[in-house]
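Here's the structure, in structure tokens; my notes come after.
Taken together, the values in this text are just the output of simple stated rules run on the coordinates, not laboratory data. What you see is a predicted model, and the numbers here were worked out from it, not measured in a lab. Every residue, glycine among them, receives a Cβ derived from its backbone with ideal geometry; neighbour counts consider all protein chains shown.
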Amino acid sequence: MMSAVNDTKSNPTVFFLTGIPGKEDIYLWISIPFCLTYVISIVGNSVILFIIKTDASLHEPMYIFLSMLAITDLALSITTIPTILGIFLFNSREISFNACFAQLFFIHSLSYIESSVLLLMAFDRFIAICNPLRYASILTLPRIAKMGLVCVLRAVALIFPLPFLLKRFPYCRENVLSHSYCVHQEVMKLACSDIIVNSIYGLSIALLSVGLDSLLIFLSYAMILKTVLSIASRGESLKALNTCISHLCAVLLFYIPVLGLPVTHRFGNSSSHFLQIVLGYIYLLIPPLMNPIVYSVKSKLLRRRIIKVFLK
């Protein structure tokens, strides 16, 4: 009997999620901004998709890429926020191994897809500004569909091994995750065996996806800036740069926390645990919340269509 108890302790079948340590007495109040974030993210991205789908004048590459971004943000919100709200509203902290592995698969896959879509949007701006005469012939609908499919397949192929790499571990340590959702870095730390393979693989796919995408986005904007500076008219230069502002905001909203979070995880001993939690929430919640708002404000055509629909 004692052996069975010890075996259960040394091989747990569930993980326990953590909300915000030390703030348990105000979880109900904390849940309010999270609920608002969830509703605004769902409504905002759904409106963007509805407007683009129903308005033929918006069936252009830039708005098709924006639709891809909205779909990814919707999926990311649905994957994560209900779990977080379950902790704050119902103290539902328990999550099974399979559910945890499934959640981390979707979180990482969708994050890598979002990174890829932001790269495609940078490529769209690069062609529009640096090679405008060939814009329509380069970014055709079949080509855009293929690029979107490649983004999804790349993310799935890179993340697919992670749940299986984690399943092979015995978990004999305290099975409490330090976040309100499952991510590879946190689950990996709870294993009581050598995690060097997971660590190397996790770093490698991060460099092959987010690292490579961010580098290519930087290079594309370097080329855009070079082209814009060569334009004689200052007004035309500002007009060209103005078309990039929405995308630059989306890039900063995504890459600042997504690059900061792994750093705090890998050097957690020298960084605040509270900072890790805050970055984790920003990484998952802010882009789906802000992207529809930023694009609605900065895109005159999209803003007019939204106002027209709501006035009707």
Worksheet item: If you build a Gaussian network model of the chain, linking Cα atoms that sit under 10 Å apart, which residue out of Ile107, Ile81, Ile245 swings the most?
Response: Ile245
Worksheet item: Which lysines does Lys308 reach when only Cα atoms under 22 Å apart count, and residues fewer than 8 places away in its own chain are ignored?
Response: Lys53, Lys298, Lys300
Worksheet, complete the sentence: In segment 60-178, taking the dipole from +1 charges on Lys and Arg beta carbons and -1 charges on Asp and Glu beta carbons about the Cα centre, the listed residue (Ala157, Thr80, Leu141) farthest towards the positive end is Ala157
Worksheet, complete the sentence: Largest fluctuation, Ala206, Ala128, Ala222 only, Gaussian network model of the chain with Cα springs under 10 angstrom, belongs to Ala222
Item to complete: Treating cross-link reach as a plain straight distance, find the lysines whose alpha-carbon is under 27 Å from the alpha-carbon of Lys189, omitting any fewer than eight places away in the same chain.
Response: Lys9, Lys23, Lys167
Worksheet entry | Unpartnered cysteines - no second Cys beta carbon under 4.7 Å - across the chain | Cys35, Cys130, Cys151, Cys244, Cys249
Worksheet item: Taking 0.36 nm per intervening residue step and subtracting the Cα-Cα distance, what contour gain separates Leu229 from Leu215 on full extension?
Response: 2.9 nm
Worksheet item: Hey, which lysines would be in cross-link range of Lys226, C-alpha to C-alpha under 21 Å, not counting anything within fewer than 8 residues on its own chain?
Response: Lys239
Worksheet item: Label-point separation (nm) for Val309 and Leu238, each offset 7 Å from Cα along Cα-to-Cβ?
Response: 3.1
Fill in: Linear extension gain, Ser92 paired with Leu153, 0.36 nm per residue minus alpha-carbon span
18.7 nm
Worksheet, complete the sentence: Ordered by fewest other Cβ atoms within 10 Å, a rough proxy for footprinting exposure, Glu186, Glu60 read Glu60, Glu186
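Can you list, largest first and rounded to whole Å, the semi-axes you get for segment 103-223 by taking the square root of 5 times each eigenvalue of its Cα gyration tensor? Mind dumping the intermediate values first?
Working: eigenvalues 269, 36, 24 Å².
The answer is 37, 13, 11 Å, longest axis first.
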